[in-house]
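What follows is a short report on a single structure.
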Amino acid sequence: MVSGKVGVRQVRKMKEKISKEEYDGGILIGSGFSYSAKKEARAKGIEIIESSKIPSFNIFEHDLVPKHEILSKEEAEELLKKHHINPYQLPHIKRTDPAIFLIGAKPGDIIKITRKSPTAGIYVTYRYVV
């Protein structure tokens, strides 16, 4: 019987391919993952994505979704120095947020969000990915 879930065997094959081709990492996308496959992927540094969590349309084309950008290390340092703060003092945004997921941000990244406002014109805010 086939469950349709990604198992440890596929994760190990992916790790072999990453090592053989000398890639930095990899992403496995599937309809479901066994507990063991998730555990193995975390240990091997492989990102896993369940296809049901991928939006079926481009959310950035919607009027109510503002522009999201990952700040470079230099930009982040400059921002933190300018405001005399640590990253964790910024408002948090979860890694599972659809916009964060789609731009590929990782925990520890700082996101610049640019919104259009009828009163302020353009409003920029920052979030720390957790």
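If you scan the range 18-34, which residues turn out to be part of a helix (DSSP H, G or I) and either acidic (Asp, Glu) or under 20 Å from residue 104 (Cβ atoms) (or both)? Before you say what the answer is, go through the steps one by one.
Residues of the range 18-34 that are part of a helix (DSSP H, G or I), as a first pass: 18-21.
Correct list: 18, 21.
Residue by residue, here is whether (1) outside the structural domain of residue 32 (by TED's automatic domain parsing); (2) surrounded by 14 or more Cβ atoms within 10 Å (Cβ to Cβ); (3) under 30 Å from residue 32 (Cα atoms); (4) in contact with a strand residue (DSSP E or B) (Cβ under 8 Å, 6 or more places away or on another chain) holds:
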position	(1), (2), (3), (4)
68	yes, yes, yes, yes
77	yes, no, no, no
83	yes, no, no, no
87	yes, yes, no, yes
107	yes, no, yes, yes
111	yes, yes, yes, yes
117	yes, no, no, yes
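Here's the yes/no breakdown for (1) touching a helix residue (DSSP H, G or I) at 6+ places or on another chain (Cβ under 8 Å); (2) closer than 26 Å to residue 45 by Cβ:
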{"site": "69", "(1), (2)": "yes, yes"}
{"site": "77", "(1), (2)": "no, yes"}
{"site": "81", "(1), (2)": "no, no"}
{"site": "85", "(1), (2)": "no, no"}
{"site": "88", "(1), (2)": "no, yes"}
{"site": "95", "(1), (2)": "yes, yes"}
{"site": "102", "(1), (2)": "yes, yes"}
{"site": "107", "(1), (2)": "no, yes"}
{"site": "118", "(1), (2)": "no, no"}
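Can you find a residue in the range 35-46 that is of a type in the set (D, E, K, R), part of a loop (DSSP other than H, G, I, E, B) and at pLDDT below 85? Lay out the reasoning, then the answer.
Looking only at the range 35-46, we keep the residues that are of a type in the set (D, E, K, R), and these are 38-40, 42, 44.
Retained after the next criterion (residues that are part of a loop (DSSP other than H, G, I, E, B)): none.
Looking through the range 35-46, none of the residues is of a type in the set (D, E, K, R), part of a loop (DSSP other than H, G, I, E, B) and at pLDDT below 85.
Which of the residues belonging to the range 3-40 are farther than 18 Å from residue 51 by Cα, of a type outside the set (D, E, K, R) and out of contact with any helix residue (DSSP H, G or I) (no Cβ under 9 Å at 6 or more places or on another chain)?
Scanning the range 3-40 gives a single hit, 19.
Return the residues of the range 1-41 that are among the aliphatic types (A, V, I, L, M) and exposed (fewer than 10 other Cβ atoms within 10 Å of the Cβ); say none if nothing qualifies.
Start the filter on the range 1-41 by keeping residues that are among the aliphatic types (A, V, I, L, M), which leaves 1-2, 6, 8, 11, 14, 18, 27-29, 37, 41.
Listed by number, the residues that qualify are 1, 2.
Report the residue count in the range 83-120 for those that are part of a helix (DSSP H, G or I) and more than 15 Å from residue 69 (Cα to Cα). If you could, list the steps in order and put the result at the bottom.
Applying the first criterion (part of a helix (DSSP H, G or I)) to the range 83-120 yields 83, 87-89, 98-103.
Still in the running and more than 15 Å from residue 69 (Cα to Cα): 83, 87-89.
Residues that pass the stated criteria total 4.
The values are calculated or read from the model by the stated rules, or taken from the named source; none is laboratory data. Computed from a predicted structure; not experimentally measured. Glycine gets a Cβ as well: all are built from the backbone with ideal geometry, and neighbour counts include every protein chain shown.
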